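S.K.: Before I ask anything, let me first share the structure, which is written out below as structure tokens.
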Amino acid sequence: MANEGSSSLPAGGMIIEAGSSKKYKTGEWRAQRPEVDKAKCTDCLTCWIYCPDNSVMVKDEKMVGFKYSHCKGCGICANQCPVKAITMKEEGVE
Amino acid sequence: MSEPMAINGDMAIAMAWKQIDPDVVAAYPITPQTIIVEAFSDFVANGEVNTEYVCAESEHSALTICVGASAAGARVATATASAGLAFMWEMLYVTASMRMPIIMAVANRTLSGPINIHCDHSDAMGGRDSGWLQLFGENVQEAYDNTIMAFRIAEDMRVRLPIMTCLDGFIITHALERLEMLDDKTVKDFVGPFRPVRPLLDVKQPTTYGPLAMPDYYYELKYQVQASMDAALDVAKKTMDDFAKVSGRKYHLAEGYRTEDADYVMVAMGSTAGTMRYVVDQLRAQGKKVGAVKVRLFRPFPAADVAKLLEGKKAVAVMDRAMSPGTGSPLYMDVLQSISRMKDPPRVSNYVYGLGGRDLIPGQLTEVFQEIMANKGDRINFMGVRK
Ligand code: SF4
Ligand code: SF4
């Protein structure tokens, strides 16, 4: 629970720190988890372009998986993947 | 100080804006505010001001553009009335909670329905809880003076809230009256330069405006508006003192007229105040101990000032040019809360009048005084309605 008083908060709730959305773990919202089948994946990076939470991880121009701390499970990546390499799995179900 | 001129209230506001030369004006024309934005867009077209004028496609958009411009670091003004103000409703709250010191002239006009273009205060009352300050002017001179004072009050770092400068539709907006303008330099010096707080265009200090606030922060951010409203009472008082020094016209948050030894007092806002003083003088000539209170600043409500003016009186009539069907009207409710801790408070009655531009006749106010002096009348009265 927050404990700052009204007078110590920036006026109007302005956020005065850049990049603070990193601290907001939207991964806690997730009901479904994207999983990639790298055998199908062509590394076209369409999923990386579309992800609204910057949660598709890319290394050396290759798609290498998801950052689950911030992936909120919206399924946009699975929907956009041209080769259907991403499937959405229920969280908490093996 | 200029030579006195004959001018209507809308033009007086446009002239005040011209002297202040705000960075951005975004508006949508609506009767009876139209003259303000028409005249001001002429000033823009003629190069007489440096303002960026945005013709919005609706009032909701107009105020949204104003908020964006204000967040970007601009001094901003706009104007509306009636349905236009109602259409801004969502953005009124956003403007205040984002602490944007925008100045908005409200040419008070009733709300539909039935559709009607004439004066009452229902439109402004719809915004009374939004976190905007509200100043009501009695005549053309006050519409001009309130506008100039409003910029300074809104932009004060202790306030940083938007202000509505209200003037009665047609009665003030369209009637020619005497106006004494201040000279441009006096106005510019009085208002001072605009001081932005973390403007969006400052890339060295990246800022997010208007983010969501969950239950753990919403209340504290709302309380900031309350704290600024409290501070605004003093800031407004001080601004009115300073304004008297440059203009010779002394204003108060709530102004008493012959109240000192009065037993019976009438309270009103806007153009009715003049009629009220005329009736007070007539009754005084007959030896009746009556007085009047004009409330200039309606939000924040100057409860202590009003209570001081009403202390020890026998009865008070509160004139509301708006109604709240099912209960007392806004000004009445605020007068009641002002005297709620008073020992031996006066008997207070509410009189709803002038809705949809119905004329107010001095004789009607005489009757109200006679009624409260006779200890008669209901708590809430609907003056002159054909039942
Ligand atoms: S969109 Fe599909 S194929 Fe393209 S990189 Fe993402 S997972 Fe791989
Ligand atoms: S499910 Fe949504 S948030 Fe998660 S990686 Fe895919 S697009 Fe991004």
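The values are calculated or read from the model by the stated rules, or taken from the named source; none is laboratory data. A quick note: this is a predicted structure, and the numbers were derived from the prediction, not measured. Cβ coordinates were reconstructed from backbone atoms using ideal geometry, including for glycine residues, and neighbour counts include every protein chain displayed. Accessible surface is based on the protein model in full, side chains and every heavy atom, while ligands, DNA and RNA are left aside. Shrake-Rupley method; radii C 1.70, N 1.55, O 1.52, S 1.80 Å.
S.K.: Using a 1.4 Å probe on protein heavy atoms only, how many Å² of accessible area do B and A hide from each other, summed over both chains and rounded to 100? Intermediate results must be reported in sequence, preceding the final value.
M.R.: On the way: alone 16690 and 6940 Å², together 22280 Å².
When B and A are taken together, about 1400 Å² of accessible area is lost.
S.K.: Identify which of B:81, B:72, B:317 has the largest mean-square fluctuation in a Gaussian network model of chain B, with springs joining Cα atoms closer than 10 Å.
M.R.: Highest fluctuation of the listed residues: B:72.
S.K.: Another question about this same structure. Cβ neighbours within 10 Å, averaged per peptide: list A:50-59, B:360-369 in order, most packed at the top.
M.R.: Most protected by this proxy first, the peptides run B:360-369, A:50-59.
S.K.: Here's a follow-up. Using a loss threshold of 30 Å², tell me which positions in the stretch B:212-227 are less accessible in the complex than in their chain alone. Probe radius 1.4 Å, ligands and nucleic acids ignored.
M.R.: When all protein chains are present, B:216, B:217, B:220, B:221, B:224 each give up 30 Å² or more of accessible surface.
S.K.: If one computes the Cα centroid of the stretch A:6-23 and of the stretch B:229-282, what distance in Å separates the two points?
M.R.: 40 Å
S.K.: Counting only other chains, and only Cβ atoms inside 10 Å, what mean value do you get across the residues of A:5-11?
M.R.: Working: counts 2, 10, 4, 1, 6, 7, 11.
Across the residues of A:5-11, the mean count of other-chain Cβ atoms within 10 Å is 6.
S.K.: Which log10 I(q)/I(0) values does the protein assembly as shown give at q = 0.09, 0.10 Å⁻¹ under the Debye formula, counting every alpha carbon as one identical point scatterer?
M.R.: At q = 0.09, 0.10 Å⁻¹ the computed log10 ratios are -0.68, -0.79.
S.K.: Got a sec? Charge dipole of the protein assembly as shown, +1 on Cβ for Lys and Arg, -1 for Asp and Glu; which of B:55, B:111, A:19 is way out at the positive end?
M.R.: Sorting the options by dipole projection puts first A:19.
S.K.: Only four residue types carry charge here, +1 at the Cβ of Lys and Arg and -1 at the Cβ of Asp and Glu. Report the dipole size of the stretch B:5-247 about the Cα centre in Debye, rounded to the nearest 20.
M.R.: About 600 debye.
S.K.: Separate question: When the Cα centres of the stretch B:140-184 and the stretch B:1-62 are compared, how far apart do they sit, in Å?
M.R.: 13 Å
S.K.: Still on this structure, please answer the following. Among B:239, B:208, B:110, which one shows the biggest mean-square fluctuation in a GNM of chain B, springs joining Cα atoms closer than 10 Å?
M.R.: Judging by the Gaussian network model, the answer is B:208.
S.K.: If you restrict to DSSP beta bridges whose two residues both lie in chain B, what percentage is antiparallel, to the nearest 5?
M.R.: Of the beta bridges lying entirely in chain B, close to 20 percent run antiparallel.
S.K.: Here's another thing I want to ask about it. For peptide A:12-24, how many partner chain Cβ atoms fall within 10 Å of a residue's Cβ, on average?
M.R.: Partner-chain Cβ atoms within 10 Å, mean over residues of A:12-24: 5.
S.K.: Could you give the angle, 0 to 90 degrees to the nearest 10, between helix B:218-247's Cα long axis and the longest principal axis of the Cα atoms of chain B?
M.R.: On a 0 to 90 degree scale, this one is about 80.
S.K.: Does the stretch B:254-382 classify as rounded, prolate or oblate by the C-alpha gyration tensor (a ≥ b ≥ c root eigenvalues; a/c under 1.5 gives rounded; else a/b over b/c gives prolate, otherwise oblate)?
M.R.: Verdict is rounded for the stretch B:254-382.
S.K.: Under the definition of partner shielding as Cβ atoms of other protein chains within 10 Å of a residue Cβ, what is the mean value for peptide B:195-206?
M.R.: So the per-residue partner count for this stretch is 1.
S.K.: At most 13 other Cβ atoms within 10 Å and a DSSP loop assignment: could you name the chymotrypsin sites (Phe, Trp or Tyr not before Pro) in the stretch B:144-203 that fit?
M.R.: Hits after loop and neighbour filter: nothing returned.
S.K.: Which one, B:27, B:132, B:380, is farthest towards the positive end of the dipole of the protein assembly as shown when Lys and Arg carry +1 and Asp and Glu -1 on their Cβ?
M.R.: Most positive-ward Cα: B:380.
S.K.: Which of B:303, B:45, B:79 moves most in a GNM of chain B, Cα contacts under 10 Å?
M.R.: Of B:303, B:45, B:79, the Gaussian network model singles out B:45 as fluctuating most.
S.K.: Sticking with this structure for a sec: Find the relative contact order for chain B and round it to a whole percent, using C-alpha pairs within less than 8 Å whose residues are 6+ positions apart.
M.R.: 16 percent
S.K.: With point charges of +1 on the Cβ of Lys and Arg and -1 on the Cβ of Asp and Glu, referenced to the Cα centre of the protein assembly as shown, which listed residue (B:12, B:265, B:191) lies farthest in the positive direction of the dipole?
M.R.: With unit charges placed on the Cβ atoms, the residue in question is B:265.
S.K.: Considering all projection directions equally, how large on average is the shadow of the alpha-carbon convex hull of chain A, in square nanometres?
M.R.: Averaged projected hull area, Cα only: 8.2 nm².
S.K.: Which cross-chain or sequence-distant (5 or more) residues have an amide H under 5 Å from the amide H of residue B:348, H modelled 1.01 Å from N in plane?
M.R.: B:316
S.K.: If you line up the long axis of helix B:272-285 against the longest principal axis of chain B, both from Cα atoms, how many degrees apart are they, to the nearest 10?
M.R.: Compared with the principal axis, the helix lies near 30 degrees.
S.K.: How large is the Kirkwood hydrodynamic radius of chain B, in angstrom, based on all distinct alpha carbon pairs?
M.R.: Value: 21.2 Å, from the Cα pair sum.
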